[in-house]
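Trainee: What follows is a structure written as C-alpha cells; I'll ask about it next.
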Amino acid sequence: MKKYQNKHHVLDTTILRTATNYLLPLLILFSLFVLLRGHYLSGGGFVGGLIASIAFVLHSFAYSTKQTLALFQFSPMRLIGIGLSLSIFSALVPVFIGLPVMTGVWFAESVAVIGAVGTALFFDIGVYLVVIGVVLTILFTIAENV
Amino acid sequence: MLFIILLTFVLAFSTLFLKGLGRSKFTGLLTLIPLSLFIYFLSYLPKIRSGKEVLLFRNEWVPSLGIAFDFKLDGLSLLFSLLITGIGALVYWYASYYLKGHIYIQRFFAYLGLFMGAMLGVVLSDNLISLFVFWELTSITSFFLIGFNNEDEDSRKSALWALGITGLGGFFLLSFAAVVGSIAGSYSIHELLTQSDFLKEHASYGILLFFLFMGAFTKSAQFPFHFWLPGAMKAPTPVSAYLHSATMVKAGIYLLARFTPVLGDHVYWNTTLQVIGGVTMLFGAIHSVFRKDMKGILAYTTISALGMIVFLLGVGSEKAIYAASIFILVHALYKATLFLVTGTVDHQTHTRDITQLGGLRKTMPALAGAALIAALSSAGIPLTFGFIGKEIIYDATYTYPINQWALVFTGVAVLTNVFLSAAGFLVGIKPFFGKVKERCQDVPKPSLQMWLPPVVLSVLSLVFGALPQLVNQGIIASVARAIGGKTIEMELALWHGFNEIVALSGGTIVLGIALYFAFKGYQNSLRIVARFDSLSPQHIFGFVVEKFRTFAYAYTRLFQSGYLRIYLMVIIVFFIGLVGYKLFADVPLRVNTEGLSEFRIYELVVFLITVIAIFFAINTPSRLSAIAATGVVGYCICLIFVFYGAPDLAMTQFAIDTLTVVLFVLVLFKLPGFLKLSNRKIQFRDAVVSIAFGGLISLITLQALVSPADKEISRYYAENAYVLAKGKNVVNVILVDFRGFDTLIETIVLSIAALGVYGLLKYRTKDEEISE
C-alpha cells in the first residue's frame, strides 16, 4: 500500500526537487519575516504559520511525506503543545507582575530589526507554531492513511 | 459545618482505596464515621432545645450571585441530621456484615458515604442553590446505590427510573430557586422567611408552588410519581432501609416542611397537599397488602407514610404540623427496623416471599421481638411510639375546622392506618410466628450485627412510646416550631382519657387485625393489581418514554443521515430560513447602487475568471478539475481582497486556499471518477438551494452597504492600536492583543481538530492491521 501511495503522491521531477531545495529555506525565512513584521505591517503568526506549512507541503510533494517528517527532530504534533504552552505562558506573564491576564507587557528597549518586544510577540510565535503543527499533523496523517 | 460535610465526602472517597475491605474484619470500624457525626449533631441538641436561636454557618461561594454554602441548624434540620447519621451508623454496621465478602464492598461504602454527605447537605443548606446542588447529588448517589448490583438488568432499569424521575424533579427545584430568587432577591431560606407575605401575594405564587411541589413530589414518591420507589427495592436491603426511613425519600418531605413557614398557609398550598397526600397515602396503603415480597410491602407502606406527612402538612393546623413532626420520627424508627429485619430474613433464608416464611421466631428470637415491636408501632398499638403518632394524627384530622372535610379526612386517615397495620403485621409478624414453614427449617442463626441494629431501633420505639415527654421536650417541639414558624405547645401523653380519638384508634386496630387475617391466605393477590396495570402511572410514563425514544430515533435518522451533503444542506436551508425570514420580515430592503464605483478592467477580468471557474466546477466530470476550479475561485477572491486594500485577509485566504486544495487532492486522489449518484431531480434541488443561498448572501451584502455602519468599535481599535499595544497593524493587534483570548481559544480548537483527525485515522489503521 505504501509503495503505491509514494508512486502517486511524489511528483518525481528533478526541476521541482532542485527548486524545492532552495525554496524551502527561503519560504521558511519568508514566513518568519511575515511573522515578525505582523505587529507593524500586514502579516502575523497565523499567516506566517500557513506559509511555513506550505513550504513543508511543497517539500513533501517533491520528496515524500517520510522524508519531510525526517526534517523534524520530532513529530510536528509536538509543535502544537509547544505553541499552545507559549501562547498561554505569554498570556499569564502579566499575572506574575500583578497585572490582569493578557495585558501587553513590553521590554523597555527596542531590539534592532524586530522593534519593540513584548508578550504579544511571544503569543504570536505560539500561534505560528500551533498553525504549523496543526496543518502538518492533519495533512501528513491523511497523506499516510488515505 | 462545611468542614464536616466536606470531611464526610473525603472519608467516603478514601474508602475506595481500602483494598481488601471485603475480607477484612475491620469493615465495621467504618461505622465510626456516621457515629461520630451523630455525636457531633447530638451535641447541638441542648442549644436547639433551649433557645429560640437558629444557628447559622456562613461560607461564601459565589457572592456576586448570592450563592453561598450557608448552613442552618434548627429543630427540623437537626432531627433530619440525627436520623441520617444515627440510622446511618446502624446501616453502616449492619451492611459491614450483610455485604461481607462482596467484591465491590469498598465501592458500596464510598457511595453510601457520599450519599450521607449529600443528604446532610440538603437538610442543612440555607441557600437554595447549594440545596439544589446537594439535592441532585443525592439523586446521583442513590442512582449508584440502587443500581449497585449492576449486572442485573432490573437493577439498572430501576436505578434509571429513579434517576429519571428524581432528576426531573431536580430541574423543577432549580426553576423554583431561580424564580424565588428573582422575586425575593435572595436565595437564603431564612431571609425568605421574612418575605412570606410578599411571596404569597405575588402573581407568580401559583408557578412557585408548582415548581416546588414537582420537586418535592418526585423526590418523595407522591402519586403519580410514586412508582420509582418500589423499583428502588433492587438496592441492597441496608440501602433500602436507609433510603426509605431516614434519607432520600424524606428529602421531599423536608423541602415541604422547610417551606411551610414561607409559602404555606394559603388555600392553594393546603388544598394541593391535602389532595395529593391523601391520594398517595390511601393508594400506597391499599397497594401494600397485595404484595408478597416483604420489601415490596414495605415500599408501598413507605409511599403511604410519605403521603401521610404531606397530607398533614396540607391540613396545616397546629396539631397537624405537630403530628407531622412526630410521624417523621415514628415512621423512620419502625420502617428502618422492618427493613433491617427483612434484610436479615433474606440473608438467612434467601427468600422474602411472605407465603414461604413462618415460624422464624425459634431461630431468631431477638429479631422476632424487634419485628413485633415495629409492627405494633406501625399499627399504633398503645405503649409504642406509633400509638402516640396515630393519636395525634386523628386528633388533627378530627378537629379540622370544616366539619364535612373533618369527616372525610378522618375517614381517609383511619382507612390508611387500617391497611398500614395489616401490612405491618404481614412483614413484622407473619414470618416469625405461626407454623414453621419448610423454607424456615435449619436456618442458621444470624450474627450479632444482623440483629442488634433492628433491636436498638425497636427499643427506641418502645422507649419513646412509653415516655413521650422525653422526645417531645427533646426535639419534636423545636421541629414543630421550625415547621410552624411559631412555638406550638402540645402535651404528649399515653392516655388522654376516653374520647372519640381513642375510639378511632381502637377501631383501627381491630379492623387492621381483621384485615390481616382476611388476607393471610390469599395467594393470587398480585393478579388483582396486575389487572389495572395499563392504567397505572408507571405504564403511562413508560409509554411516553417509549414514544420519546421513537421520536428521537426518527429525528436522528432524519438529521444525522451520515452523508456530508445532507448535513450541509440542512445547515444551509436552516440558515436561509432563519436569516431570510429575518431579512424580509424586519429589514426594509433597499438597494442603493449610487455609491458603487465602476468596474475597472482588471476587476472585470477577475470576475469573468471566477464565473468561468464556477461553471467549470459544476460541470466537470473529474474531481480533481473540480477542486482546481474551486481553488481558482478562491484565488480570485484573494485578488479582490488585494484590490480593496485588505492585504492581511488576502494573504491568509491565499495560504488557506492553497492548503485546502492540497488537502482535497490528498483525500480525493484515490477516489474513482464521479459516480452517477445524482439524478436530475437532486441536481435541481441542489441548484435551488445554492441559488437561494447565494442570492440571500448577495442581498445581505447589498443591504449592508445601505445601513449606516457603526464605526465606533473600529475607530477605537484604530486609535488605540499603537497607544495601548504598540502595534501599527490593527488587524494583528486585534488578533494578539485586544481579542487575544479569542485567538487563544481558536488555536486550542484547531489543535483539538488536528488531534481528532490524527486519532481517527490512526485508530482506523490499527483496526485494519488487526483485522488483517
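Trainee: Step through the table entries B:K292/B:K437; B:K72/B:K319; B:K335/B:K390; B:K335/B:K430; B:K292/B:K445; B:K219/B:K547, compare each Cα-Cα distance with 19 Å, and write down the pairs that go over it. Numbers along the way, then the final one.
Mentor: Working: B:K292/B:K437 15 Å; B:K72/B:K319 25 Å; B:K335/B:K390 15 Å; B:K335/B:K430 16 Å; B:K292/B:K445 24 Å; B:K219/B:K547 24 Å.
Distance filter (> 19 Å) returns B:K72/B:K319; B:K292/B:K445; B:K219/B:K547.
Trainee: Quick one: dipole size for chain B, taken about the Cα centre, charges +1 on Lys/Arg Cβ and -1 on Asp/Glu Cβ, in debye to the nearest 20.
Mentor: On the way: 57 positive and 44 negative charges, 451 e Å.
In debye, rounded to 20, chain B gives about 2160.
Trainee: Say R0 is 35 Å: what FRET efficiency, to the nearest 0.05, do B:L608 and B:S561 get from their beta-carbon distance? Don't skip to the end; give the middle numbers.
Mentor: Numbers: r = 38 Å, r/R0 = 1.08.
FRET efficiency, B:L608 to B:S561: 0.40.
Trainee: Once you put a point 7 Å from the Cα of B:L29 and another 7 Å from the Cα of B:F551, both along the Cβ direction, what distance in nm separates them?
Mentor: The two pseudo-label positions are separated by 5.5 nm.
Trainee: Okay, next question. Specify, per residue and in Å³, the volume enclosed by the convex hull of the alpha carbon atoms belonging to the range B:254-308. Working shown, then result.
Mentor: Values: hull volume 3.1 nm³, N = 55.
So the per-residue Cα hull volume is 56 Å³.
Trainee: Taking chain A as the reference, fit the longest principal axis to its C-alpha atoms, fit the long axis of helix A:119-145 to the helix C-alpha atoms, and give the angle between the two in degrees, 0 to 90, nearest 10.
Mentor: Result, in degrees: 20.
Trainee: Under a point spin-label approximation (7 Å from Cα along Cα-to-Cβ), what is the A:F30-B:N720 distance to one decimal in nm?
Mentor: In this crude spin-label approximation the distance works out to 3.6 nm.
Trainee: Hey, what's the Cα Rg ratio for the protein assembly as shown versus the globular rule of thumb, 2.2 N^0.38 Å? Display every interim value, and only then the final one.
Mentor: Details: Rg = 37.4 Å, N = 918, 2.2 N^0.38 = 29.4 Å.
Relative to the 2.2 N^0.38 Å estimate, the protein assembly as shown comes out at 1.27.
Trainee: How big is the shadow of the Cα convex hull of chain B, averaged over all directions, in nm²?
Mentor: On the way: hull surface 184.3 nm².
Computed as one quarter of the Cα hull surface, the answer is 46.1 nm².
Trainee: In debye, nearest 20: dipole of the protein assembly as shown around its Cα centre with unit charges on the Cβ of K, R (+) and D, E (-)?
Mentor: Details: 64 positive and 48 negative charges, 538 e Å.
My answer is approximately 2580 debye.
Trainee: How high is the relative contact order of the range B:572-635? Use alpha-carbon pairs under 8 Å, at least six apart in sequence, and give a whole percent.
Mentor: Working: 20 pairs, mean separation 14.3, N = 64.
Answer for the range B:572-635 is 22 percent.
Trainee: Name the shape class, rounded, prolate or oblate, that the alpha-carbon gyration tensor gives for the range A:32-103, where a ≥ b ≥ c are the square roots of its eigenvalues, rounded holds for a/c under 1.5, and otherwise prolate holds if a/b is larger than b/c and oblate otherwise. If you can, show how the numbers build up before the last one.
Mentor: Working: a/c = 4.76, a/b = 1.81, b/c = 2.63.
Taking the square roots of the gyration eigenvalues as a ≥ b ≥ c, the range A:32-103 is oblate.
Trainee: What is the average number of partner chain Cβ atoms found within 10 Å of a Cβ in B:443-454? Present the calculation step by step, with values, prior to reporting the outcome.
Mentor: Numbers: counts 0, 0, 0, 0, 0, 0, 0, 0, 0, 0, 0, 0.
Mean inter-chain Cβ contacts per residue within 10 Å come to 0.
Trainee: So if we plug the beta-carbon distance of B:R439 and B:A518 into 1/(1 + (r/R0)^6) with R0 = 30 Å, what FRET efficiency do we get, rounded to 0.05? Don't skip to the end; give the middle numbers.
Mentor: Numbers: r = 24 Å, r/R0 = 0.80.
About 0.80, to the nearest 0.05.
Trainee: Across all directions of projection, what mean area in square nanometres is found for the Cα convex hull of the range B:135-271? All intermediate terms of the calculation are to be shown ahead of the outcome.
Mentor: Details: hull surface 31.9 nm².
So the mean shadow area of the Cα hull is 8.0 nm².
Trainee: Also: Summarise the long-distance tail of P(r) for the range B:31-183 by giving the % of C-alpha pairs beyond 23 Å. Don't jump to the answer; show the numbers that get you there.
Mentor: Details: 5415 of 11628 pairs.
So the pairs more than 23 Å apart make up 47 percent of the total in the range B:31-183.
Trainee: Starting from 0.36 nm per residue, how many nanometres of slack lie between B:Y268 and B:V570 once their C-alpha separation is accounted for?
Mentor: Values: separation 302, 0.36 × 302 = 108.72 nm, distance 4.74 nm.
So the chain would gain 104.0 nm between B:Y268 and B:V570.
Trainee: So, one more: Using only alpha carbons, build the gyration tensor for the range B:6-118 and give me the equivalent ellipsoid semi-axes, biggest first, whole Å.
Mentor: Numbers: eigenvalues 191, 67, 16 Å².
Equivalent-ellipsoid dimensions as semi-axes: 31, 18, 9 Å.
Trainee: Relative to the longest principal axis of the C-alpha atoms of chain B, give the angle of the C-alpha long axis of helix B:294-315, reported between 0 and 90° and rounded to the nearest 10°.
Mentor: That works out to roughly 90 degrees.
Trainee: Considering only protein heavy atoms, what per residue accessible area in square angstrom results for chain B with a 1.4 angstrom probe?
Mentor: Values: 36710 Å² over 772 residues.
Accessible area per residue, chain B: 48 Å².
Trainee: Please work out the Cα convex hull volume for the range B:280-362 and give it in Å³ per residue.
Mentor: Numbers: hull volume 7.1 nm³, N = 83.
It is 86 Å³ per residue.
Trainee: Also: Can you give the Rg and Dmax of the range B:342-492 based on its C-alpha atoms, in angstrom?
Mentor: Final numbers for Rg and Dmax: 18.6, 58 Å.
Trainee: Going toward the positive end of the dipole of the range B:578-692, with +1 on Lys and Arg Cβ and -1 on Asp and Glu Cβ, which of B:L578, B:C636, B:V665 do you reach last?
Mentor: B:V665
Trainee: In the protein assembly as shown, with Lys and Arg counted as +1 and Asp and Glu as -1 at Cβ, which of these residues, B:A368, B:H190, B:Q348, has the Cα nearest the positive end of the dipole, that is, farthest along it?
Mentor: Selected residue: B:Q348.
Trainee: Any idea how far apart B:F615 and B:R156 come out in nm if each label point goes 7 Å out from Cα toward Cβ?
Mentor: Once both label points are built, they end up 6.1 nm from each other.
Trainee: I'd like the mean, over residues of B:647-660, of how many other protein chain beta carbons sit within 10 Å of each residue's own Cβ. Mind dumping the intermediate values first?
Mentor: On the way: counts 4, 7, 2, 2, 9, 7, 2, 4, 13, 4, 0, 6, 7, 0.
Neighbouring Cβ atoms belonging to other protein chains average 5 per residue here.
Trainee: Sequence neighbours fewer than 8 away in the same chain don't count; with that in mind, list the aspartates and glutamates whose C-alpha is under 17 Å from B:K762.
Mentor: A:E144, B:E772
Trainee: Set Lys and Arg Cβ to +1 and Asp and Glu Cβ to -1, take the dipole of chain B about its Cα centre, and tell me which of B:P444, B:A396, B:L504 lies farthest positive.
Mentor: B:P444
Trainee: Follow-up. What is the average number of partner chain Cβ atoms found within 10 Å of a Cβ in A:122-131?
Mentor: Details: counts 1, 7, 6, 1, 4, 8, 1, 1, 8, 4.
Counting Cβ atoms of other protein chains within 10 Å of each residue's Cβ and averaging gives 4.
Trainee: Using a Förster radius of 60 Å, what is the FRET efficiency between B:F57 and B:K681 based on their Cβ-Cβ separation? Nearest 0.05, please. Don't skip to the end; give the middle numbers.
Mentor: Working: r = 71 Å, r/R0 = 1.18.
FRET efficiency, B:F57 to B:K681: 0.25.
Trainee: Could I ask something else about it? Extension gain B:V749-B:Q473, at 0.36 nm per residue separation less the Cα-Cα distance, in nm? Walk me through the numbers before you get to the answer.
Mentor: Values: separation 276, 0.36 × 276 = 99.36 nm, distance 6.38 nm.
93.0 nm is the gain from fully extending B:V749 to B:Q473.
Trainee: Compare the peptides A:93-100, B:261-268 by average per-residue count of other Cβ atoms within 10 angstrom and give them in order, highest first. Let's see the in-between values first.
Mentor: On the way: A:93-100: 11.0, B:261-268: 17.1.
Highest mean packing first, the order is B:261-268, A:93-100.
Trainee: Let me know the shape class of the range B:559-631, please: from the alpha-carbon gyration tensor, a ≥ b ≥ c as square roots of the eigenvalues, rounded when a/c is under 1.5, otherwise prolate if a/b is greater than b/c, or oblate.
Mentor: Numbers: a/c = 4.44, a/b = 1.03, b/c = 4.31.
Oblate, because a/c is 1.5 or more while a/b does not exceed b/c.
Trainee: Going by accessible area, probe 1.4 Å, with all protein chains left in place, what is the ranking of B:W61, B:W451, largest first? Before the final figure, lay out the partial values.
Mentor: Values: B:W61 115, B:W451 75 Å².
Sorted by accessible area, descending: B:W61, B:W451.
Trainee: Hey, another quick one. Report, in deg cm²/dmol and to the nearest 500, the calculated mean residue ellipticity at 222 nm for chain A, where each DSSP H run with n ≥ 4 adds -39500 (n - 2.57) and the sum is divided by the residue count.
Mentor: Working: 6 runs with 104 residues, N = 146.
Calculated from helices alone, the mean residue ellipticity at 222 nm is -24000 deg cm²/dmol.
Trainee: Relative contact order of the range B:191-346: what whole-number percent is it, with Cα pairs under 8 angstrom and at least 6 residues apart? Before the final figure, lay out each step's value.
Mentor: Working: 198 pairs, mean separation 44.1, N = 156.
For the range B:191-346, the relative contact order is 28 percent.
Trainee: Moving to a separate point now. Under the rule of -39500 (n - 2.57) per DSSP H run of 4 or more residues, summed and divided by the residues of chain B, what mean residue ellipticity at 222 nm is obtained, to the nearest 500 deg cm²/dmol? Can you show the working numbers first?
Mentor: Numbers: 33 runs with 549 residues, N = 772.
When only DSSP H runs of four or more count, the value is -24000 deg cm²/dmol.
Trainee: Quick one: helix B:128-146 against the long Cα principal axis of chain B, what's the angle to the nearest 10°, folded into 0 to 90?
Mentor: 80
Trainee: Let me ask something additional. Expressed in nm to one decimal, what extension gain is obtained for the pair B:L702 and B:L761 from 0.36 nm per residue of sequence separation less their Cα-Cα distance?
Mentor: Full extension of this stretch gives 16.9 nm more.
The values are calculated or read from the model by the stated rules, or taken from the named source; none is laboratory data. Just so it is clear, the structure is predicted and the values come from calculations on it, not from any experiment. Using ideal geometry, Cβ is built from the backbone for each residue, glycine included, and neighbour counts are taken over all protein chains shown. Note: areas computed on protein heavy atoms with side chains; ligands, DNA, RNA excluded. Shrake-Rupley method; radii C 1.70, N 1.55, O 1.52, S 1.80 Å.
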